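Here the structure comes first, spelled out in structure tokens, and everything after it is commentary.
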There are 2 protein chains.
Amino acid sequence: MSTLRFDDIYFPDGIASDPGTLGWMQGSPPPVDRRIRFQDGRFLGFPQIRWALSHLRELLPTASVSRGSGAASDLGTAADTRLAEIDQLRFDSLDGRSYHWAQSLADTYTDGIIVLHRGRVVYERYVGALKPQLPHACFSITKSYAATVAATLMYEGVLEDSRAVPYYLPEMAGSAYGDATLRDLLDMQVGVAHSEVYSDPSTQFWAYARAAGFCPRAPGDSGPDGLHEFLVRLRKEGTHGQAFTYKSVNTEVLCWAMQRVTGLPLPELLSQRLWSQLGCEEDGYISVDSLGVAMGGAGLAATVRDLARFGELLRCDGARERRQLIPAAVVDDIRGGGDVAKLAKAGYALLTGYSYRNMWWVTHNEHAAFEGRGIHGQRLYIAPLAQMVVARFASHPIARSAANDPITMPALIALGRLLEGR
Amino acid sequence: MSTLRFDDIYFPDGIASDPGTLGWMQGSPPPVDRRIRFQDGRFLGFPQIRWALSHLRELLPTASVSRGSGAASDLGTAADTRLAEIDQLRFDSLDGRSYHWAQSLADTYTDGIIVLHRGRVVYERYVGALKPQLPHACFSITKSYAATVAATLMYEGVLEDSRAVPYYLPEMAGSAYGDATLRDLLDMQVGVAHSEVYSDPSTQFWAYARAAGFCPRAPGDSGPDGLHEFLVRLRKEGTHGQAFTYKSVNTEVLCWAMQRVTGLPLPELLSQRLWSQLGCEEDGYISVDSLGVAMGGAGLAATVRDLARFGELLRCDGARERRQLIPAAVVDDIRGGGDVAKLAKAGYALLTGYSYRNMWWVTHNEHAAFEGRGIHGQRLYIAPLAQMVVARFASHPIARSAANDPITMPALIALGRLLEGR
């Protein structure tokens, strides 16, 4: 199909909205109606987003997540026969449409995707603005990266998950986080007056994005300029530890505590603990606020291959080349998941049976998969029982994952079955 | 000495103004009086500049200049005996003060410096905010990079230096550049109404910086937003080809023509032609305007080592590992220099006997040195007859090179003599 309907609006599909074909940001200068400027505030709108998520650093300030000076690991390349086999894989979407895998890429607005089976590439595709060397927005997969490092610091005793936030950040005593523990943050069980609604620019989510420097501030905007200034103003609503309520600001508080305790900025922590250890091919980067503070809830950008390398580390219980980079107990804890009943109460219709732990989504499905999920279609899917890792970047017109899950979820199950020969 | 006087103002020297010691941008968050924000417009002021030039990408949008996936070249490391020998090198500054080399670093506000002799490191130091892995602002050495690529494209016949600018950029027909040739651009002999005065924020230079996205725009600023919009408005003043008048906007026009002809953005050209060929250790980056156009006159950032690698390529006549990356004729042309009489008329008191060719400064001194020079102390000094390359980054309180030349120039001559054993 060449158009797709979401929220009663028809959008051209992934092929029809290719930003190169449409001429977005092509030419010096690009045509007036094909320009994307940060200050216009429309770079996350459709179809501009199809270009922007592969070019974030050209739109806003960023800090490098250094890969160090070592050689990149060899993931192999996909054999043509394997590519063809996967392209032809058939499955039905949750809303009953019959798909070939190849067609599902266009309908999920995929920018780039890689599949590892037993650690080797069996499938890899790039579409539109994304190239193998270009980092792409991870959005909330950033949380999974940051929380994996946080959980490691807890294993090492540098942080304690039972401590209340002000133990590490005294200035948060009067905020919503005054009596929230790090565990509450990690499992998104904080009672804080803050809405995570993406579709309406007047919500608190976008005030957070403006404070983080991810969205432009209007002239005269007197709201908080900087993440820390934003976070200290958040007020309590409800009870901590009771219900799952997904709020990106919780990750920011967690990252702030990590940075305070270690004395290292988040990009440096990510580099030391992960990027420089994983055989990454390219430096990653992360958006920063006006004071250089990284946006730990959503700001990371990585290449498809480097995202897959992180997934492969988790699939291999935190070890790589006989070195334990992340404690196996940390990976076990994530993979085991959290409280299914609590996530059920949050009412995600498509995530029945899922749980949430340490900022990972745990499917409890037939492949024991767990995943990082980011708005507009970002996904890092780790399926231990299929020995499979899938890293996918996308620029879907709709932010919420529920817009692509009806295709993505059965596609990933079908692929896991194919690779394991069932 | 711990303070230095310039323009009747006393500044703490390089050691006393170390941004780490002073606490600039240290802590999460940094103390209120130690914060550096792009929007404040003071990041190029002193002492903020001492931190900012090593952290530009955290302040403004940038494009990557990719090093590709190859291994970094081995430059070696400086032997302690050699380091000590150079630190103790004595010379007199042009204003008659006696120096050890080591002390000259503090008095030139050096952030990082490397010396190659016959292609191997004999000296390397990092001070303050700069680290070996961190790219630092090159300022106008950016011009030397860009023009070397432009001259190569001319050698290949892709561009012709005798053509007028509108041959490549028809929209420039009505501007100052309507009858200027690319040769006029390359040798800074354009008659254009534009001032290159750095010390006064009301000058056209800062309007150019704002258009390029390198400095903040005040709310309601109705000036050009973007380099191309700025350049088409420039008007003629005087005659082309007659006099040397140094104006960064000429480089921007040259880069625009290169990009139009090749269809490649400047960062991609720099990556393809230089960064990915030179065994660079880190990706470089370059600041971009609100439309993603790189600032070819001043926006590049590189590590000290990667800057030195570029210098070594020029010292070796454009060849590296038996591959001719830049035609020898292009390097010969640069090294041969331009019209000494024309530069003399421009009245640079310290540059007697110098000439300017293809956006390089040619000393015609005893080591036949030529150099890239950037404001606030950036220097890439290539001395073929001493088989020496010096790459230095600094964050001097005064923009103009004349503030550090009285130390830098005799220091480099003395070092060349030391290394060649004279």
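General observations
- Simple Cβ-charge dipole of the range B:242-310, Lys/Arg +1 and Asp/Glu -1, about Cα centre, in debye nearest 20: 260
- With kT/(6 pi eta Rh) evaluated at 20 °C and eta = 1.002 mPa s, and Rh the Kirkwood radius from Cα pairs, the protein assembly as shown diffuses with a coefficient of 76 µm²/s according to Stokes-Einstein.
- Label-point distances for A:Asp80 to the equivalent site in the other copies, using a point 7 angstrom along Cα→C-beta, read 5.9 nm when ranked shortest first.
- Across peptide A:375-387, the average count of Cβ atoms from other chains found within 10 Å of a residue's Cβ is 0.
- The label point for A:Lys345 and the one for B:Thr81, both projected 7 Å from the Cα toward the Cβ, are 7.4 nm apart.
- Cβ-Cβ FRET estimate between A:Thr203 and A:Glu420, R0 fixed at 45 Å, reported to 0.05: 0.60
- Mean partner shielding of peptide B:127-138, defined as the number of other chain Cβ atoms within 10 Å of each residue Cβ, is 1.
- 3J(HN,Hα) along the range B:403-420, derived from phi through the Karplus expression 6.51 cos²θ - 1.76 cosθ + 1.60 where θ = phi - 60°, amounts to 6, 10, 4, x, 8, 4, 5, x, 4, 5, 5, 4, 5, x, 5, 4, 5, 8 Hz, with x in place of Gly and Pro.
- Couplings 3J(HN,Hα) for the range B:177-187, derived from phi with the Karplus relation 6.51 cos²θ - 1.76 cosθ + 1.60 (θ = phi - 60°), are 8, x, 10, 8, 8, 4, 4, 4, 4, 4, 9 Hz, where x marks Gly and Pro.
- The residue among A:Val158, A:Ile382, A:Gly174 whose Cα reaches farthest toward the positive pole of the charge dipole of chain A, with charges on the beta-carbon of Lys, Arg, Asp and Glu, is A:Ile382.
- Relative contact order of chain B, pairs being alpha-carbon contacts under 8 Å that are 6 or more residues apart, as %: 22
- Sum of side-chain charges, B:Lys247 neighbourhood, beta-carbon under 12 Å (Lys, Arg +1; Asp, Glu -1): -4
- Legend: residue pairs A:Lys143/A:Lys236; A:Lys143/B:Lys131; B:Lys236/B:Lys345; B:Lys236/B:Lys342, Cα-Cα distance threshold 26 Å; pairs beyond threshold, A:Lys143/B:Lys131.
- Shape class for the range A:37-151: oblate, because the ratio a/c of the largest to smallest gyration tensor axis (alpha-carbon atoms, square roots of eigenvalues) is 1.5 or more and b/c is at least a/b.
- Using a 7 Å Cα-to-Cβ projection, B:His100 label spacings across copies, nm, ascending: 7.4
- Nearest chain A C-beta to the A/B rotation axis, reported as residue and distance in angstrom, is A:Pro219, 2.
- Projecting the Cα positions of A:Ala369, A:Ile141, A:Pro216 onto the charge dipole of the range A:106-419 (unit charges on Cβ atoms of Lys, Arg, Asp and Glu, taken about the Cα centre) puts A:Ala369 furthest along the positive direction.
- Summary of the geometry: the range B:279-351 and the range B:1-44, compared by the centres of their Cα atoms, lie 29 Å apart.
- Nonlocal amide H pairs with B:Asp111, under 5 Å, H built at 1.01 Å: B:Phe393, B:Ala394, B:Ser395
- The range B:106-419: C-alpha gyration tensor shape, a/c 1.5 cut-off, then a/b vs b/c: rounded
- Within the range B:106-419: Cβ-based charge dipole about Cα centre, in debye rounded to nearest 20 (Lys, Arg +1; Asp, Glu -1): 540
- A:Val65 long-range amide H proximity, modeled H, under 5 Å: A:Gly284, A:Tyr285, A:Ile286
- For A:Tyr356, the shell of other residues with beta-carbons less than 14 Å away shows a net charge of +2, using +1 for Lys and Arg and -1 for Asp and Glu.
- Three-way shape label, the range A:266-383, alpha-carbon gyration tensor, a/c 1.5: oblate
- At 7 Å out from Cα toward Cβ: B:Ile15 inter-copy label distances (nm, ascending): 6.9
- Sum of side-chain charges, B:Gly296 neighbourhood, beta-carbon under 10 Å (Lys, Arg +1; Asp, Glu -1): 0
- Per-residue mean of foreign Cβ neighbours for A:53-61 is 5 (Cβ atoms of other chains, 10 Å radius).
- Fully extending the segment from A:Val32 to A:Arg5 would add 6.9 nm, taking 0.36 nm per residue of separation and subtracting the current Cα-Cα distance.
Every number in this text was worked out from the coordinates using simple rules, so none of it is lab data. Computed from a prediction, not measured in an experiment: that's the story for all the values here. Methodologically, a virtual Cβ is constructed for each residue, glycine included, from the backbone with ideal geometry; neighbour enumeration extends over all protein chains shown.
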